[in-house]
């Protein structure tokens, strides 16, 4: 039963090269015609060697062996097909219920067996014995009872052979001879095959017995062997004839080794034998020497060489032509196996079926991907806008096409950036931040003219960025009017205080990032100054000139602070200071604006919000010190100190986040380790992170892999159950998340160096 379940629908058959075989056979058929036409009956030489005669006769016997073995192989394949049939497996695995647990009737099975018997005329009868409820089905009748009493052969030898399948621990698929009995005057030839396929001993639930018609098995042997006189026969392992063509009495007249002449009978014979690679049985050919000596004299040596040469050339040419035509298909198959994530397909018998199944699976995958893409479209659009605004775009032409494909239709070359920050919330509604953001985005779309396209992106806890697109004339005015209306709406309807900053119009996507950062600096200054309402970059251009920090410095500083890299952040500050102030006499107001801009930039890397940020800002606010500073050197020192404090805060926040995430993940695994479907991707989906990130997180913060951590939890729980309960090993395996005992025992031994059973025995000995 275990073996049956282990292989139930999981064995992937290797795709046989049926297309190549068909090509080869087609070419062989065409190329062998000229070879056959070269055969002429021309008698001129009679000096053929006796050894050639012997080899020729031996080859004929080998052909007989191959022909008969091929027919036996076809019968073996019939047995394998029956043993793999889902209806047969359900019927034999029925635990003694009539008709099978899944409703397979005796009639269905009998009809199925009869269909196989009719296809192969060498099959006399097909029987199926089911162990669970001791029943034999055949193409002739249904018998239920002890095997030794089976009336078809009226001999217990078949019953003992079938019973023997459940006594020996080895694989079964073999030909056996049974009898003779009362009903079978001669030995009967059977092929016995266990069900399910590859089952061993008592793991089998049934046995297929196919009775072979030995007379039909040897049909056409006379033509194949050139037999006119003499004997061709098949002997079993006890040298008892199973099938024969010709005079069977010759078997008693010859003695000696293969190819030797016998002299005791008064007549010379050519004797050859060959063993079957399939069954181990022996094929014997006994032919009168005189008959073949007369034939050999008529064979032309040059003619034989010509025929052999043409045949070999035909086979080689057929192979090369077939291979040349098959290589493109083979490359397609290799490409599918290498690059497709769909895996092998079960049940495909040829390359074309495999390709068809792969295309079907790929189509389903594309449909699922399309559905996922539609669901994720708003998030993708928002992410694309964020990349554009922050300068993470290299190819603007390609990016423009990508925006159109993602539904961001912005047909005009002019853009305006609007940054909105919620400065104040209604009392007691701070937690409804996301709801307010959604309402503001929806309302902004209503206030904008129809000829103005827009996209929105969430750029912070309280911030929204809008990218407006329209004709250059009137775009800035339209943005001003819409934002003024939005400001009034938020104040009157939502009780929100907003700070809104509007950029100057820019042409081309490549200029959007600069406009975004200019607007961001304006918003930062408005935040520090405590200002609200609508502000415009155009109106603050002179102040921007006073804080002309290099854009690359601001970007680098923000990135370094966001990861808590204090050393590199301080180095960036020093480099900017040397470029802007070293050896120069500058206006103190310009210097103060410069350093305030650096403070604003450093704050961008801080993700801490709410009360925690308010407490940090109240304690470390550098603005008063900068306002009282009267030299660039003193203000540089203030900013350096503030950057150190910000980096410390970022590192602490990142560590706290990592510790919290680690605790949550380990807790989730501890609660769900008994689920045998628990996986790295499943845990990642639960916490809304990628599998790659989760894997790296485990290595960095847990010090081990996800799989080892999960296995350790399962084995620890298993040890407790082994110690505190009397549950079976299989039961404990399923309780701790394994589908079966084999994988559980393997992992337990790998980790503990003993098996679960040995561990329990040690515990019991110690307790005793």
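Here are the numbers for this structure:
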{"quantity": "Förster radius 45 Å - calculated FRET efficiency between residue 275 and residue 746 (Cβ-Cβ, nearest 0.05)", "calculated": "0.65"}
{"quantity": "Where labels lie 7 Å past Cα in the beta-carbon direction, separation of residue 692 and residue 323 in nm", "calculated": "4.1 nm"}
{"quantity": "Potential lengthening between residue 368 and residue 578 on full extension [0.36 nm per residue; Cα-Cα distance subtracted]", "calculated": "70.0 nm"}
{"quantity": "Relative contact order computed over the stretch 551-647 (Cα-Cα under 8 Å; 6+ residues apart), in percent", "calculated": "43 percent"}
{"quantity": "Sites residue 107 and residue 140 - FRET efficiency at Förster radius 22 Å, r taken between beta-carbons, to 0.05", "calculated": "0.95"}
{"quantity": "Exposure proxy ranking, count of Cβ atoms within 10 Å, fewest first, for 683, 207, 332", "calculated": "332, 683, 207"}
{"quantity": "Computed label-point distance, nm, for sites residue 630 and residue 237 using a 7 Å Cα→Cβ extension", "calculated": "11.3 nm"}
{"quantity": "Descending principal axes extents, the stretch 551-647, alpha-carbon based, whole Å", "calculated": "40, 26, 19"}
{"quantity": "For the stretch 673-767: Kirkwood Rh in Å [reciprocal of mean 1/r, alpha carbons]", "calculated": "14.3 Å"}
{"quantity": "Computed E for residue 118/residue 59 - FRET, C-beta separation, R0 30 angstrom, nearest 0.05", "calculated": "0.30"}
{"quantity": "731, 711 arranged by Cβ crowding within 10 Å, fewest neighbours leading", "calculated": "731, 711"}
{"quantity": "Theoretical gain in end-to-end length, residue 356 to residue 619 [0.36 nm per residue, Cα-Cα removed]", "calculated": "87.8 nm"}
{"quantity": "Inter-label distance, nm, simple model (7 Å from Cα along the C-beta direction), residue 404/residue 761", "calculated": "7.5 nm"}
{"quantity": "Relative exposure of 745, 284, 762, judged by other C-beta atoms within 10 Å (fewest first)", "calculated": "762, 745, 284"}
{"quantity": "Length released on extending from residue 651 to residue 734, taking residue separation times 0.36 nm less the Cα-Cα span", "calculated": "25.6 nm"}
{"quantity": "Enclosed volume per residue, in Å³, of the convex hull spanned by Cα atoms of the stretch 410-546", "calculated": "100 Å³"}
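Any read-out appearing in this document is the output of simple, stated calculations on the displayed coordinates, not a laboratory observation. For clarity, every value in this text was computed on a predicted model and none was experimentally measured. Every residue, glycine as well, gets a Cβ built from its backbone with ideal geometry; the counts of neighbours run over all protein chains shown.
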